[in-house]
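Reviewing the structure listed below.
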Amino acid sequence: MAVEAKGVEPQTKRVVRRDWRMPDELWEKIRPLLPARKPHPLGCHRPRVDDRAAMDAIFFRLRTGCQWNALNVTGICSSSSAHRRFQEWTAAGVFLAFWRLGLTEYDALRGIDWSWLSADGAMTKAPLGGEKDGPQPDRPRQAGGETQPADRGRRRADRAGDRRGEPERLQAVA
């Protein structure tokens, strides 16, 4: 018998609304772009998740911005199947081909003024990017952009011994 905490609703599997599914017209344009399914080499594996369910899950994730693991709760498709299919289809160029198809259809429908395009970008050094050769580990503090601590004065150069205040060892002269 499970004991529930006060004021906490028991977790139930929520199913995503139907309006998150892609329209049939869109699916008919995407389906020819998908690569052919490869049969499992041993032929004894669980059947793959339906391509449309995987694409619905991928578009759901892209539209909502949720994490991949959040797909498990939606009931569309498991997160691992959706992510695996996303990687397969990205490598196969499905999304690039779909983007090109969308551009050509929009160009035919409304027209894209290709003469009026611009790109913007900048290549500059990062503000705190450091030196070209990377940070030098034995630099003095002042060179690293740090200020000298208020409670410590400068070390006196005339003090005998090393940095830890130990006296220098005398070496016998032969």
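Listing for the model above:
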| read-out | value |
| --- | --- |
| Residue count, segment 21-55 (criterion: β-branched (Val, Ile, Thr) and modelled with pLDDT of 90 or more) | 1 |
| All positions within segment 41-79 that are among the polar types (S, T, N, Q) and either without any contact (Cβ under 8 Å) to a residue 60 or more places away in the chain or in contact with a Pro (Cβ under 7 Å, 6 or more places away or on another chain) (or both) | 64, 67, 69, 72, 78, 79 |
| Conditions (1) part of a helix (DSSP H, G or I); (2) in contact with a His (Cβ under 9 Å, 6 or more places away or on another chain); (3) charged (D, E, K, R); number of the one not met by residue 56 | (2) |
| In segment 56-114, residue modelled with the highest pLDDT [restricted to those that are aliphatic (A, V, I, L, M) and in contact with a Ser or Thr (Cβ under 8 Å, 6 or more places away or on another chain)] | 57 |
| Residue selected from segment 93-121 under the condition assigned to a helix (DSSP H, G or I) and touching a Leu at 6+ places or on another chain (Cβ under 8 Å), by the criterion farthest from residue 47 (Cα to Cα) | 101 |
| So residue 119, is it touching a helix residue (DSSP H, G or I) at 6+ places or on another chain (Cβ under 7 Å), at pLDDT 60 or above and of a type in the set (Gly, Ala, Ser) | no |
| Filter result (without any contact (Cβ under 8 Å) to a residue 24 or more places away in the chain and surrounded by 12 or more Cβ atoms within 10 Å (Cβ to Cβ)) within segment 80-95 | 80, 83, 84, 90, 93, 95 |
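The values are calculated or read from the model by the stated rules, or taken from the named source; none is laboratory data. Computed from a prediction, not measured in an experiment: that's the story for all the values here. A quick note on method: Cβ atoms are made from the backbone with ideal geometry, for glycine too, and the neighbour counts reach across all protein chains shown.
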